[in-house]
1. For region 35-51, name all the residues that are within 19 Å of Leu68 (Cα to Cα) and either of a type in the set (A, V, I, L, M, F, W, C) or under 9 Å from the mean Cα position of the chain (by Cα) (or both).
2. How about region 18-41: which of its residues are within 15 Å of Ala7 (Cβ to Cβ) and touching a Ser or Thr at 6+ places or on another chain (Cβ under 6 Å)?
3. Counting only residues that are in a helix (DSSP H, G or I), under 10 Å from the mean Cα position of the chain (by Cα) and at pLDDT below 85, how many does region 122-159 have?
4. Go through (1) buried (at least 20 other Cβ atoms within 10 Å of the Cβ); (2) among the charged types (D, E, K, R); (3) at positive phi and name the single condition Arg137 misses.
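The values are calculated or read from the model by the stated rules, or taken from the named source; none is laboratory data. Being a predicted model, the structure only gives us computed values, none of them experimental. Cβ sites come from the backbone with ideal geometry, for glycine too, and all protein chains shown count toward neighbours.
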Amino acid sequence: MESWTEAVIAFIERHQEWSFWLALVFAAAETTAFLSIAVPSTAILVGVGATVATGALPFFPIWAGAALGAVIGSTFSYWLGRRYGGRIIGMWPLRDHPDLVEQASDAFRKWGIGAVIVGHFFGPLRPVIFLFAGMTRMNFPLFCGVNVAAALAWAYVIPKFGEVGGIIVGWIWNLLGF
């Protein structure tokens, strides 16, 4: 999986014109129920952020694509939860991960709408938190407002984390004279 992630990051670096669309696809995969378990999108977005630190990629298209993709994926997951309700918990892979279901349920009991914000930033909740928003019939306009704000913040923080990490590594590398 690691070599696959590196190949995607290298592709984005070589084909900057695709950076918006690829960030959109990977962010949508990261926030879409079931798909987020299989695709290492966060690692890719952090790695792309590190590439931004080298000056090889501009930050804005990555951020804009990731933000839009996160909104698309999480809203689709909300719709799945609203449409299929509790039946979805009995489906694979959720039936094999009752711990994720319990964590999402606990998050909604504790934080309510704030769970949508936490869901963007807390990886173990991401595959199910947006499903739970739909399953609990959270008010859709309220969900959209909070979801868009959280997606914008998440899409900024994740690649920026990689960019700052890349700057620090570059600084250390130069300091040591390599």
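1. Leu35, Ser36, Val39, Ser41, Thr42, Ala43, Ile44, Leu45, Val46, Val48
2. Listed by number, the residues that qualify are Phe26, Pro40.
3. Matching residues across region 122-159 total 3.
4. (1)
Rundown of residues vs (1) modelled with pLDDT under 85; (2) within 26 Å of Tyr84 (Cβ to Cβ), yes/no style:
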{"residue": "Trp21", "(1), (2)": "no, no"}
{"residue": "Ala33", "(1), (2)": "yes, yes"}
{"residue": "Ser41", "(1), (2)": "yes, yes"}
{"residue": "Ala53", "(1), (2)": "yes, no"}
